[in-house]
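Trainee: The structure that follows is given in the form of structure tokens.
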Amino acid sequence: DQQVKQNSPSLSVQEGRISILNCDYTNSMFDYFLWYKKYPAEGPTFLISISSIKDKNEDGRFTVFLNKSAKHLSLHIVPSQPGDSAVYFCAASDYSGNTGKLIFGQGTTLQVKP
Amino acid sequence: DGGITQSPKYLFRKEGQNVTLSCEQNLNHDAMYWYRQDPGQGLRLIYYSQIVNDFQKGDIAEGYSVSREKKESFPLTVTSAQKNPTAFYLCASSISDTQYFGPGTRLTVL
């Protein structure tokens with residue numbers, strides 16, 4: 001049972017435009033969400049996070065939006081750059097057992113075309 | 001220069017052999033994690049440890065074993081009981097909500 005889902009396996013965007021990556025979750029007990037960026041054959045790099053007490057968090061070109069009622073979060077990248085081309089994973093923190101475990105989505109491959 | 005190191009980057013083993021993947025961190029993080037990534041899939045948790053001398057099974061622990069004798073080190077052994085060991089293995093550590101990852105080890109079992 002996939003608790004965190006990224007339903008779009010891939011996304012292609014023109015350089016300079018906005019990239020919107022989506023993520024849905026099923027467990028209403030998740031209280032912290034993260035986005036990671038991953039290049040092939042490398043470890044994921046932390047991008048941005050958001051706590052469930054907020055609905056928006058911004059860091060430079062990256063903004064994460066959280067809609068708790070819809071159990072949905074999205075990552076906006078504006079403007080998109082060719083170097084943003086990578087796989088993006090969303091993750092949710094499962095503190096139900098105070099374990100600090102992260103539940104990851106399947107990832108979305110973003111291609112930013114020059 | 002603080003960070004997480006995994007060695008080696010690429011590892012080849014014959015079927016039926018046990019193999020140990022190294023993970024070291026000098027971030028003074030208490031918690032450490034092992035994930036596996038397969039093509040087209042997300043990261044799946046194998047084992048995690050929140051403190052020295054303690055570790056817990058993740059979602060796909062069968063065929064794997066770990067130890068946590070030092071805060072800095074969390075080696076993962078892929079045993080011959082793991083049916084599909086070829087994968088990209090990622091180690092992470094954390095001190096709060098955010099996990100930080102090492103560069104990964106690509107294990108190929110021939």
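Trainee: Of a type outside the set (Asp, Glu) and touching a Pro at 6+ places or on another chain (Cβ under 7 Å), is that true of residue A:26?
Mentor: On the way: of a type outside the set (Asp, Glu): yes; touching a Pro at 6+ places or on another chain (Cβ under 7 Å): no.
Here the answer is no, as residue A:26 does not meet what is asked.
Trainee: Are there any strands (runs of 3 or more DSSP E) wholly within segment B:45-110 with 2 or more residues that are free of Cβ contacts under 8 Å to residues at least 12 places away in the same chain, and if so which?
Mentor: Values: elements: B:54-57, B:64-66, B:76-78, B:87-94, B:99-101, B:105-109.
The qualifying strands (runs of 3 or more DSSP E) are B:54-57.
Trainee: Restricting attention to segment A:32-71, report how many residues are of a type outside the set (D, E, K, R) and surrounded by 14 or more Cβ atoms within 10 Å (Cβ to Cβ). I'd like the intermediate steps shown before the answer.
Mentor: So the first thing to find is which residues in segment A:32-71 are of a type outside the set (D, E, K, R), and the list is A:32-36, A:39-41, A:43-53, A:57, A:60, A:62-67, A:69-70.
With the extra rule that they be surrounded by 14 or more Cβ atoms within 10 Å (Cβ to Cβ), the set shrinks to A:32-36, A:43-44, A:46-50, A:52, A:57, A:62-66.
So the answer is 19.
Trainee: From the list A:14, A:6, which one is in contact (Cβ under 8 Å) with a residue 60 or more places away in the chain and open to solvent by less than 70 Å² (accessible area, probe 1.4 Å)?
Mentor: Sole residue among the options that is in contact (Cβ under 8 Å) with a residue 60 or more places away in the chain and open to solvent by less than 70 Å² (accessible area, probe 1.4 Å): A:6.
Trainee: Filter segment B:12-37 down to residues that are open to solvent by less than 20 Å² (accessible area, probe 1.4 Å) and over 11 Å from the mean Cα position of the chain (by Cα) and give me whichever is nearest to the other protein chains (Cβ to nearest Cβ). Full working, then the answer.
Mentor: First, pick out the residues of segment B:12-37 that are open to solvent by less than 20 Å² (accessible area, probe 1.4 Å): B:19, B:21, B:23, B:25, B:29, B:31-36.
Subsequent filtering for residues that are over 11 Å from the mean Cα position of the chain (by Cα) retains B:19, B:25, B:29, B:31.
Values: B:19: 19, B:25: 12, B:29: 11, B:31: 6 Å.
Only one residue tops the list, namely B:31.
Trainee: Here's something else I'd like to know. In the set A:112, A:78, which member is of a type in the set (A, V, I, L, M, F, W, C) and crowded, with 18+ Cβ neighbours inside 10 Å?
Mentor: On the way: A:78 fails: crowded, with 18+ Cβ neighbours inside 10 Å.
That would be A:112, the only listed residue that is of a type in the set (A, V, I, L, M, F, W, C) and crowded, with 18+ Cβ neighbours inside 10 Å.
Trainee: Taking segment B:1-11, which residues are loosely packed, with under 12 Cβ neighbours inside 10 Å and assigned to a strand (DSSP E or B)? Can you show your working first?
Mentor: In the first step, residues of segment B:1-11 are kept if they are loosely packed, with under 12 Cβ neighbours inside 10 Å; the result is B:1-2, B:8-10.
Answer for segment B:1-11, where residues must be loosely packed, with under 12 Cβ neighbours inside 10 Å and assigned to a strand (DSSP E or B): just B:10.
Trainee: Output the residues belonging to segment B:38-79 that are open to solvent by 80 Å² or more (accessible area, probe 1.4 Å) and β-branched (Val, Ile, Thr).
Mentor: B:51
Trainee: Give the residue that is most open to solvent (accessible area, probe 1.4 Å), with candidates limited to residues of segment A:18-31 that are more than 19 Å from residue A:59 (Cβ to Cβ) and more than 10 Å from the chain's Cα centre (by Cα).
Mentor: Here the residue is A:29.
Trainee: On to the next question. Out of segment B:85-110, which residues are open to solvent by less than 10 Å² (accessible area, probe 1.4 Å), more than 13 Å from residue B:43 (Cα to Cα) and more than 8 Å from chain A (Cβ to nearest Cβ)?
Mentor: Passing the criteria: B:93, B:105, B:107.
Trainee: While we're on this one: Given the criteria among the polar types (S, T, N, Q), farther than 23 Å from residue A:93 by Cβ and under 11 Å from the mean Cα position of the chain (by Cα), does residue B:105 qualify? Give the derivation first.
Mentor: Working: among the polar types (S, T, N, Q): yes; farther than 23 Å from residue A:93 by Cβ: yes; under 11 Å from the mean Cα position of the chain (by Cα): yes.
Considered against the rule, which asks whether it is among the polar types (S, T, N, Q), farther than 23 Å from residue A:93 by Cβ and under 11 Å from the mean Cα position of the chain (by Cα), residue B:105 comes out as yes.
Trainee: Wholly within segment A:1-82, which strands (runs of 3 or more DSSP E) include no fewer than the required count, namely at least 2 residues that are within 14 Å of another protein chain (Cβ to nearest Cβ)?
Mentor: Numbers: elements: A:10-14, A:19-25, A:32-38, A:45-51, A:56-59, A:62-67, A:72-77.
So the answer is A:19-25, A:32-38, A:45-51, A:56-59.
The values are calculated or read from the model by the stated rules, or taken from the named source; none is laboratory data. This is a predicted model, so every value here is computed, not measured. Note that we place each Cβ from the backbone using ideal geometry, even for glycine, and neighbour counts take in every protein chain shown. Each accessible area value is taken on the protein alone, full model and side chains, heavy atoms only, with ligands, DNA and RNA left out. Shrake-Rupley method; radii C 1.70, N 1.55, O 1.52, S 1.80 Å.
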